[in-house]
1. Of all residues in the stretch 63-76, which are free of Cβ contacts under 8 Å to residues at least 24 places away in the same chain, open to solvent by 60 Å² or more (accessible area, probe 1.4 Å) and more than 18 Å from S164 (Cα to Cα)?
2. For S67, which of the numbered conditions (1) assigned to a helix (DSSP H, G or I); (2) touching a Leu at 6+ places or on another chain (Cβ under 7 Å) fails to hold?
3. Of all residues in the stretch 17-40, how many are over 13 Å from R85 (Cα atoms), assigned to a helix (DSSP H, G or I) and in contact (Cβ under 8 Å) with a residue 60 or more places away in the chain?
4. So, A105, is that one open to solvent by 50 Å² or more (accessible area, probe 1.4 Å), over 25 Å from V52 (Cα atoms) and in a helix (DSSP H, G or I) or not?
5. Is the stretch 55-62 home to any residue that is over 23 Å from R23 (Cα atoms) and loosely packed, with under 14 Cβ neighbours inside 10 Å?
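The values are calculated or read from the model by the stated rules, or taken from the named source; none is laboratory data. Since the model is a prediction, treat every value here as computed from it, not as a measurement. Cβ sites come from the backbone with ideal geometry, for glycine too, and all protein chains shown count toward neighbours. Note: accessible area is taken over every heavy atom of the protein model, side chains too, but ligands, DNA and RNA are not part of it. Shrake-Rupley method; radii C 1.70, N 1.55, O 1.52, S 1.80 Å.
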Amino acid sequence: MTHDPEPTDRFYWKEGVSRREVRKHLDDRRPTALRRQGPRRALVGLCAAVLVAMLASAFVPEPKLRSYLEVLLLVAGAVVWLQLRRSVRVVSDAPDELLDERQIAARNAAYVVAYRWLATLAWLFMLLIVALGDGGVMPDAIRELVRQPAWSGLHMSAVMAIVSLPAMVLAWQLPSEPQDEPG
């Protein structure tokens with residue numbers, strides 16, 4: 001009986017990563033600023049700023065400008081999210097079978113915190129939708145100022161928050177990696 005070798009590039013659909021991608025990031029020993037806590041935290045701040053800008057784009061009254069801003073912010077959000085994933089060596093998205101126990105514990109702890117943040121953000125998004133919707137609780141003066149928001153900015157911000165939060169939390173929590181790792 002022969003044993004089939006481990007697939008070299010299995011794609012994990014639920015996690016959105018491939019075995020090769022995870023191995024490449026976990027095995028990478030090249031020094032990079034993204035593996036230090038300070039730059040990672042700055043990246044988390046940048047990601048949060050992009051999410052808030054995405055949300056704010058819903059209130060831009062000019063449709064053409066708003067659509068350009070939404071596309072620009074969506075691309076910026078994707079780039080920042082990919083850099084965040086890279087800074088945590090894709091541990092936030094990797095399946096258990098590709099991680100060691102320490103990485104699994106760190107990832108799972110980050111998911112608990114991310115879930116709590118997500119619950120808070122969901123409530124805030126819901127309150128904003130109720131306040132701005134027809135018959136909402138927003139005073140007429142403010143409602144006239146913001147007029148009818150374009151809900152796409154709000155939706156994009158919510159989806160990007162859902163996607164980004166695990167990597168954001170892990171990037172914030174992880175200590176800096178040693179610069180002189182053995183190769």
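1. K64, L65, Y68
2. (2)
3. Step one: list which residues in the stretch 17-40 are over 13 Å from R85 (Cα atoms), which gives 18-20, 23, 27-33, 36-39.
Within this subset, residues satisfying the condition of being assigned to a helix (DSSP H, G or I) are 19-20, 23, 27, 33, 37-39.
Imposing the further condition that a residue be in contact (Cβ under 8 Å) with a residue 60 or more places away in the chain reduces the set to 19, 23, 37-38.
Qualifying residue count for the region: 4.
4. Values: open to solvent by 50 Å² or more (accessible area, probe 1.4 Å): yes; over 25 Å from V52 (Cα atoms): yes; in a helix (DSSP H, G or I): yes.
Considered against the rule, which asks whether it is open to solvent by 50 Å² or more (accessible area, probe 1.4 Å), over 25 Å from V52 (Cα atoms) and in a helix (DSSP H, G or I), A105 comes out as yes.
5. Checking the stretch 55-62: at least one residue is over 23 Å from R23 (Cα atoms) and loosely packed, with under 14 Cβ neighbours inside 10 Å.
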